[in-house]
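What follows draws every value from the coordinates through simple rules; no lab data is involved. Remember, predicted model here, so these are calculated numbers, not experimental data. With ideal geometry, Cβ positions are generated from the backbone for all residues, glycine too; neighbour counts draw on all protein chains shown.
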C-alpha cells in the first residue's frame, strides 16, 4: 500500500515501481539525495543543504522540506525560544514518528560492529540490523562507515503457536543498498 | 564450584560491620546526624540535575517492543502504541528514574553494597566497567540457584549480602524474569530495575520503565548510576571530613 503522495519521502528503491506521475517522479529524483531519513543522531558533519553539525537536534532544513520528513536534520526539531519541550511534542516531531511505517523507507545507518561478513548497522531505531557484506566495494564497509538501508521492519517479532506473547529476535530488518553518498556529491546540490 | 563476584576496588571510608548487614550497629551522636540529615531533604543529592527529558529522548529510552510482546503490567507506563510499536511515557520514566537514583544515592551514602545485574551479553562489559568505575559490584553471568538465598552455604558463614540490586535488564537469556528479582524480594533486598515493555515490574522496588535494548539507552543508565553513586560517596567523604574537623576544633 503506497503512502500518500505528500508523505512520500523515500527515493524509490531500484527495481521498485515507477511513481505514478512524471512530475512527482522528477520531484522525487531531485529530492532523492535529501530524502533519507536521518533517524540516527550522528555527530558527523552533514553538509546536505548546509545543515549545522550537531549530535542532537540540529535545526531543520530551510523552507521546502517539511519538518521531520526527508530532511537531513537529525533528531527532533528545536524551537530556539522554547527551552523545555513536552514529551508528546518531541515525540510527534521525531523522525521515527514522522517517517510512518518502516516498510521500504530509506535510511542512513552507521556500522558499529563487524563480524567477518556480517555488518551490524545502527540506523537510529530501537534495534540494529544485520546485513551481509556486499560484493561491490566490500572492503569499504568497516566500523564507522555510513551506509544506505531500505528498512523492512523495526523489530522482527512473531507469535508462534501456543505462545502467550510474541517471540522477538531483538533485531531490525533492512536491505543494504550501498555506501552513503559522499560529502562532495551532497555539496554540489 | 566457587562463584566469583566481579569485584571492584572497595571504597575506603565505608562502615562495614563484619556480621550484620545493617550499618547502624555502633553510632555516636555525630554519626547519627550524618545519617539522618540526608533523609530530611527530598533530593539531598540533586539527582534531578543529572538528566533531562531531552537526554532520555535522545537516548531512545521511550522506544518499546512490539505490541505483541507487551506485558500486561507495563500498560500503565506505556504512552501509546505507534504502528504496533509501544512508546514508553517519558514523563513517568523521569519520575521513576529520579526516585531510583535518589534511593541509590542514599544507599551508596550509607556505605551499602550495590550489585549491578544484567544478563544481556551485548552490554555485559559496559555494566562491569560501570561497576568497577563506581567501586561497586556486578554480576553479568549465569546466576546460580542459591546465590542470595543459600549464601551462607555457598560462601561460608558471615557473608554480607548486597544492600541494593540494580537490574539493567530484568530478563534473562530466555526472556523470563531474572531469578535474582524473586530472590532479592525473598531476602528483603531492595531492587532498582529498568523494565522494558515486555518485562514484569511487579517485584521490583523501584522500577524504571525504559528501553533496555539500545546501546544509547544502556550507556545513559550506566552513566547516571555511576554519577549518582560517585556523587553520594563523595558527599559522604566530605561530610565525614567536616565532622572530623569540627570534632578536632571542639577537642582543642
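Is there a residue being surrounded by fewer than 21 Cβ atoms within 10 Å (Cβ to Cβ), over 30 Å from residue B:68 (Cβ atoms) and in contact with a strand residue (DSSP E or B) (Cβ under 9 Å, 6 or more places away or on another chain) anywhere in segment B:189-212? Yes: segment B:189-212 contains one or more residues that are surrounded by fewer than 21 Cβ atoms within 10 Å (Cβ to Cβ), over 30 Å from residue B:68 (Cβ atoms) and in contact with a strand residue (DSSP E or B) (Cβ under 9 Å, 6 or more places away or on another chain). State which residue is farthest from residue B:232 (Cα to Cα) when the search covers only segment B:75-101 and only residues that are touching a residue at least 60 places away in the same chain (Cβ under 8 Å) and more than 12 Å from chain A (Cβ to nearest Cβ). Per the stated criteria, the residue is B:78. With the condition kept exactly as written, say whether any residue in segment B:122-139 is surrounded by fewer than 23 Cβ atoms within 10 Å (Cβ to Cβ), touching a residue at least 60 places away in the same chain (Cβ under 8 Å), outside any helix (DSSP H, G or I) and within 13 Å of chain A (Cβ to nearest Cβ). No, segment B:122-139 has no match at all.
Restricting segment B:218-230 to residues that are closer than 25 Å to residue A:112 by Cβ and touching a strand residue (DSSP E or B) at 6+ places or on another chain (Cβ under 8 Å), the residue that is surrounded by the fewest Cβ atoms within 10 Å (Cβ to Cβ) is B:225.
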